[in-house]
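Okay, so here's the structure we're looking at.
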Amino acid sequence: MDLLSHALLPYLLGKFFKRRKEEIAALTIGGIAPDFDISLLWINFIYPNFFLLTHRGITHSIFFGFFTGVLILYLATQSRVKNIVKRYIDFEPVFSRRTVLFAFAGVIIHLILDYSTTRGIPLLYPFEVSRFSAEVFFYTDTYLMILALVMVIWLYRKPLQKNTVTKFLVIYLIVFAGLGTARLTEKLSAEQFFHDTGIQAYPTMSIFDWYALAKDNNEIKIYEYNGFNGTSVYNETVPALDVLSQGEGLDSALGAAGELPQIKMFEWRAYAVAINATSSGSVWFLEYYDPLGKAMARSAPAFLMRINKPIRVKVEAGKAVVV
């Protein structure tokens, strides 16, 4: 979900329930705290690892989300930070046991919103690395982002009154529920259309356009479904493992490549993983790619193309390196 919604919803809830100024500040800070994980992205470039140091990674779990909220709240109470923010808004955060709990409540609201979107969050990390997602909204919903932007601008420019908060909170929740219901209906329609019990539908930026995925050990099937017309206009089947040239030691090469942190991270983030394998003597070249992500990138924002970029690995004498 977008950053504006992550800040707006906790703020409106705090105002609606007439919490104190420092509690509302903590609630709002907690609402945006998990997205400070963007400050960790450089670590994986310098030292590749599988500690989920990526966006919607380690900070988007209940366990580490708590500590992230505490840290960001503490930093926000420092004079230098407060003086900068107070130039633009009435901002007076306080670090205490009570405000820490409000910050954690804001983190929970953040996780709920991101859980509703595609790709989801590692809710139980470090105890479980799986991503949890309702797969209802797209990564960022355009309609909710525009609504949040309008409300934030209005609240910034106009004197705040109780009835304004109530109206905005009700409007946002109604739009969120309405869009969610419409999308969930389309999601179920897409999954039922293909008469495959193993199929999973994934959202796009459009309410009516969905991708459907079915996979097993041998092949990956991808479909594009339009709920408005009730038709599927695109489909593709790719092998899960495509051996383009024969050679010895493929299983060992796959095992060595699978231990690389870059591959573990790729597999964790991907909807599905397909591999193209080519040998040259005793050397194997393996290309890992996400066929569903590749299909989505045809009409999605540019950042998805970067996320879904294939990874190529060279394996020689049992040693695997990303090339």
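The values are calculated or read from the model by the stated rules, or taken from the named source; none is laboratory data. As the structure is a prediction and not an experimental result, all values here were calculated from the model. Cβ: placed from backbone, ideal geometry, glycine included. Neighbour counts: every protein chain shown.
For the reader, a short list of remarks on this structure follows.
- Cβ-Cβ distances below 6 Å connect the following pairs, each with a first residue in the range 94-123 that is farther than 23 Å from Leu53 by Cα, a second residue that is among the small types (Gly, Ala, Ser), and a separation of six or more residues or different chains: Thr99/Ala26; Phe102/Ala26.
- Filter pass, Ile24 being crowded, with 19+ Cβ neighbours inside 10 Å and not small (Gly, Ala, Ser): yes
- Qualifying residue in the range 162-170 (condition: under 22 Å from the mean Cα position of the chain (by Cα), of a type in the set (Ser, Thr, Tyr) and within 23 Å of Met1 (Cα to Cα)): no
- For the range 12-21, the tally of residues that are part of a helix (DSSP H, G or I) and surrounded by fewer than 19 Cβ atoms within 10 Å (Cβ to Cβ) stands at 2.
Residue-by-condition table, conditions (1) in contact with a helix residue (DSSP H, G or I) (Cβ under 9 Å, 6 or more places away or on another chain); (2) closer than 30 Å to Thr204 by Cα; (3) not hydrophobic (A, V, I, L, M, F, W, C):
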position	(1), (2), (3)
Asn49	yes, yes, yes
Arg56	yes, yes, yes
Thr68	yes, yes, yes
Thr77	yes, no, yes
Pro93	yes, no, yes
Val100	yes, no, no
Asp114	yes, yes, yes
Ala134	yes, yes, no
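- Enumeration of residues in the range 148-203 that are of a type in the set (Ser, Thr, Tyr) and crowded, with 18+ Cβ neighbours inside 10 Å: Tyr172, Tyr202
- If you go through the range 190-233 and pick out every residue that is part of a strand (DSSP E or B), touching a residue at least 60 places away in the same chain (Cβ under 8 Å) and β-branched (Val, Ile, Thr), you end up with 2.
- Apart from one condition, Ile58 fits all of (1) within 22 Å of Tyr125 (Cβ to Cβ); (2) of a type outside the set (Gly, Ala, Ser); (3) surrounded by fewer than 18 Cβ atoms within 10 Å (Cβ to Cβ); the exception is (3).
- When the range 232-265 is filtered for residues that are among the hydroxyl-bearing types (Ser, Thr, Tyr) and more than 28 Å from the chain's Cα centre (by Cα), the ones remaining, listed by number, are Ser245, Ser252.
- Selected residue (only one of Leu260, Leu244 is loosely packed, with under 13 Cβ neighbours inside 10 Å, farther than 30 Å from Trp210 by Cβ and not acidic (Asp, Glu)): Leu244
- Verdict on Leu8 being assigned to a helix (DSSP H, G or I), of a type outside the set (D, E, K, R) and surrounded by fewer than 20 Cβ atoms within 10 Å (Cβ to Cβ): no
- Counting only helices (runs of 4 or more DSSP H) that fall entirely inside the range 36-142 and contain at least 1 residues that are at pLDDT 95 or above, under 12 Å from the mean Cα position of the chain (by Cα) and aromatic (Phe, Trp, Tyr), the qualifying elements are 97-115.
- Answer residue from the range 269-300, given it is touching a residue at least 60 places away in the same chain (Cβ under 8 Å) and within 16 Å of the chain's Cα centre (by Cα) and is farthest from Val313 (Cα to Cα) among those: Ala300
- Every residue from the range 265-284 that is surrounded by 17 or more Cβ atoms within 10 Å (Cβ to Cβ) and in contact with a helix residue (DSSP H, G or I) (Cβ under 9 Å, 6 or more places away or on another chain): Met265, Arg269, Ala270, Tyr271, Ala272, Val273, Ala274, Ile275, Ala277, Ser279, Trp284
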